[in-house]
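FYI, it's all coordinate maths here, none of it is from the lab. As the structure is a computational prediction, the values presented were derived from the model and not from experiment. Every residue, glycine as well, gets a Cβ built from its backbone with ideal geometry; the counts of neighbours run over all protein chains shown.
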Amino acid sequence: MQNNPVIAEFKDPTLHWRDASVEVHKLVVGPFDNNVFVVRCRESGESVLIDAANEHEQLLALCQRLGVKRVLETHGHWDHIQAIPALREAGYQVAVTAADAPRLKDVGYDVFIDDAEVIEVGKLRLHAIHNPGHTEGSISFAVSNTPLLFTGDTLFPGGPGNTKLEGGDFATIINSIDNKLFTFPAETIVLPGHGLDTTIGDERPQLAAWVERGW
């Protein structure tokens, strides 16, 4: 990853970013190249998995290796939830917002994530940020005392997520990005649900152009 060049020295092929307190592991899975992230507390060894998208065998192996305790879903679109049944069967609790929970009716879920909830992962604290627009219940996760912001399909390099699907609304997602995500410092690393990382500083100046083009 460009933001952390020392990653090249590490032996673990899934390791994407780390500092003294946290590791981020990444797998790209499924027909839509979904990013699946594991956020791990280096002190305790506890982890969470963000978006059980697909290829459950790989995800189960990652969960077992990295001490995953629960699964957090950024939203309920089908390409982000295909591995949920296998992970729930293996004993992993799945959390999603109440607004997006109906989209998981066929795969199941266990608990709700509330806006502004603070999720404990060992010594780490993940702050849930409700940012509707891609879906009604889309949520991002910011890791305290790090530059890390996991945005699901709300914010990508070069623009917002698709708002033409069920539950999407362009004005709503622009409001979410402007008032919920662009309040983070410029150096904040955006880790989206598909594709490459970016930063708040790279994306914030483009907001007016996104509004003008309408997508």
Item checked: Two-decimal ratio, the stretch 138-191, of alpha-carbon radius of gyration to 2.2 N^0.38 Å -> 1.12
Notebook entry, point to check: With springs only between Cα atoms under 10 Å, which of 191, 60, 181 fluctuates most in a Gaussian network model of the chain?
Noted result: 60
Item checked: Of 69/164; 105/164; 11/180; 11/69, those spanning more than 28 Å from alpha-carbon to alpha-carbon -> 69/164; 11/180
Next item on the list: Report P(r) for the stretch 32-75: all Cα-Cα distances, bin width 5 Å, range 0 to the bin holding the largest distance, values in whole percent.
Entry: 6, 23, 35, 23, 10, 3, 1
Notebook entry, point to check: Tell me, what is the FRET efficiency for residue 175 and residue 202 to the nearest 0.05, using R0 = 25 angstrom and their Cβ-Cβ distance as r?
Noted result: 0.80
Item checked: Compactness relative to 2.2 N^0.38 Å, alpha carbon Rg of the stretch 1-100 -> 1.06
Next item on the list: Quick one: give the max-minus-min coordinate of the C-alpha atoms of the stretch 5-213 along each principal axis, largest first, in Å.
Entry: 46, 41, 31
Notebook entry, point to check: With a 10 Å Cβ neighbour count serving as the proxy for reagent exposure, in which order, fewest first, do 47, 144 appear?
Noted result: 144, 47
Next item on the list: First select every other residue whose beta carbon is under 13 angstrom from the beta carbon of residue 157; then total the charges, Lys and Arg +1, Asp and Glu -1.
Entry: -3
Check: What translational D, rounded to a whole number of µm²/s, comes out for the stretch 107-167 from Stokes-Einstein when the hydrodynamic radius is the Kirkwood one over Cα pairs, at 20 °C and 1.002 mPa s?
Finding: 168
Check: Using Cα pairs under 8 angstrom and six or more residues apart, how large is the relative contact order of the chain, in percent?
Finding: 13
Checklist line | Extended-chain gain in nm, criterion 0.36 nm per residue less alpha-carbon gap, residue 123 and residue 43 | finding: 28.1 nm
Item checked: Fraction of antiparallel bridges per DSSP, the chain only, in percent to nearest 5 -> 70
